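J.: Would you mind keeping the following structure in view while I ask a few things?
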Amino acid sequence: QVQLVESGGGLVQAGESLRLSCAAAGRTFSGFTMGWFRQAPGKEREFLAAVTWTGGRIAYADSVKGRFTISRDIAKNTLYLQMNTLKPEDTAVYYCAASVYILTVASGNYAYWGQGTQVTVSS
């Protein structure tokens, strides 16, 4: 059974940084794509970044390119999202997810999801 557990969220001021972690367990993720999404109140879930677990190919949403960095530690089975220069509009619940589709950005292609971690950015 696949388990994804996010951590690292919290309350920060605009301009500060946070690093989210996603501990993955339950199977080998070779061949999977791991992604980060977020959902703000009243808004649809938004793709942020994805990485292929084995090859390390990466994709970013234009809205976070240059500010957010996705990475993974295969030995630790952990996915990361480094978020810099945070803005109030980054306030949302952040989710990690796993997909068998290569570098997909569509949330519907992700079969496995974590429970989410809240990120709040004050102005």
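The values are calculated or read from the model by the stated rules, or taken from the named source; none is laboratory data. Everything numeric in this text was worked out from a predicted model, so none of it was measured. All Cβ positions, even for glycine, are placed from backbone atoms using ideal geometry, and neighbour counts span all protein chains on display. Each accessible area value is taken on the protein alone, full model and side chains, heavy atoms only, with ligands, DNA and RNA left out. Shrake-Rupley method; radii C 1.70, N 1.55, O 1.52, S 1.80 Å.
J.: So, in the range 1-56, exactly how many residues are polar (S, T, N, Q), modelled with pLDDT of 95 or more, surrounded by 13 or more Cβ atoms within 10 Å (Cβ to Cβ) and farther than 16 Å from residue 114 by Cα? Walk me through it before giving the result.
T.: Quick first cut of the range 1-56, residues polar (S, T, N, Q) only: 1, 3, 7, 13, 17, 21, 28, 30, 33, 39, 52, 54.
Now drop any that are not modelled with pLDDT of 95 or more, which leaves 3, 7, 13, 17, 21, 33, 39, 52.
Remaining after also requiring surrounded by 13 or more Cβ atoms within 10 Å (Cβ to Cβ): 7, 21, 33, 39, 52.
Pick out the ones that are also farther than 16 Å from residue 114 by Cα and you get 52.
Of the residues in that region, 1 qualify.
J.: Please find, within the range 85-103, the residue that is least open to solvent (accessible area, probe 1.4 Å) out of those that are more than 22 Å from residue 67 (Cβ to Cβ) and not small (Gly, Ala, Ser).
T.: Residues of the range 85-103 more than 22 Å from residue 67 (Cβ to Cβ): 98-102.
Then keep just the ones that are not small (Gly, Ala, Ser); that gives 100-102.
Details: 100: 96, 101: 123, 102: 119 Å².
The qualifying residue least open to solvent (accessible area, probe 1.4 Å) is 100.
J.: Let me ask something else. Need the failing condition index for residue 113 against (1) loosely packed, with under 13 Cβ neighbours inside 10 Å; (2) touching a Leu at 6+ places or on another chain (Cβ under 8 Å), just the number.
T.: So the condition that residue 113 fails would be (1).
Here is a yes/no grid of residues against (1) over 12 Å from residue 37 (Cα atoms); (2) of a type in the set (Phe, Trp, Tyr); (3) over 12 Å from the mean Cα position of the chain (by Cα):
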| residue | (1), (2), (3) |
| --- | --- |
| 74 | yes, no, yes |
| 77 | yes, no, yes |
| 84 | yes, no, yes |
| 90 | no, no, yes |
| 95 | no, yes, no |
| 101 | yes, yes, yes |
| 107 | no, no, no |
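J.: A follow-up question, please. In the set 93, 51, 105, 12, which member is out of contact with any Pro (no Cβ under 6 Å at 6 or more places or on another chain), part of a loop (DSSP other than H, G, I, E, B) and among the aliphatic types (A, V, I, L, M)? Reasoning before the result, please.
T.: Working: 93 fails: part of a loop (DSSP other than H, G, I, E, B); 51 fails: part of a loop (DSSP other than H, G, I, E, B); 12 fails: part of a loop (DSSP other than H, G, I, E, B).
After applying the criteria, what remains is 105.
J.: What tally of residues in the range 71-92 results from selecting those that are in contact with a Leu (Cβ under 7 Å, 6 or more places away or on another chain) and over 19 Å from residue 118 (Cβ atoms)?
T.: The number of residues fulfilling the criteria is 1.
J.: Please state which of the following conditions residue 107 fails to meet, knowing it meets all the rest: (1) farther than 13 Å from residue 2 by Cβ; (2) in contact with a Ser or Thr (Cβ under 8 Å, 6 or more places away or on another chain); (3) not aliphatic (A, V, I, L, M).
T.: Of (1) farther than 13 Å from residue 2 by Cβ; (2) in contact with a Ser or Thr (Cβ under 8 Å, 6 or more places away or on another chain); (3) not aliphatic (A, V, I, L, M), only one is false for residue 107: (2).
J.: If a residue has to be among the small types (Gly, Ala, Ser) and free of Cβ contacts under 8 Å to residues at least 40 places away in the same chain to count, how many in the range 1-52 make the cut? Outline the logic, then answer.
T.: First, pick out the residues of the range 1-52 that are among the small types (Gly, Ala, Ser): 7-10, 14-15, 17, 21, 23-26, 30-31, 35, 40, 42, 49-50.
Of the ones still in play, those that are also free of Cβ contacts under 8 Å to residues at least 40 places away in the same chain are 26, 30, 42, 49.
Number of matching residues: 4.
J.: Go through (1) closer than 23 Å to residue 3 by Cβ; (2) out of contact with any Asp or Glu (no Cβ under 7 Å at 6 or more places or on another chain) and name the single condition residue 116 misses.
T.: Failed condition: (2).
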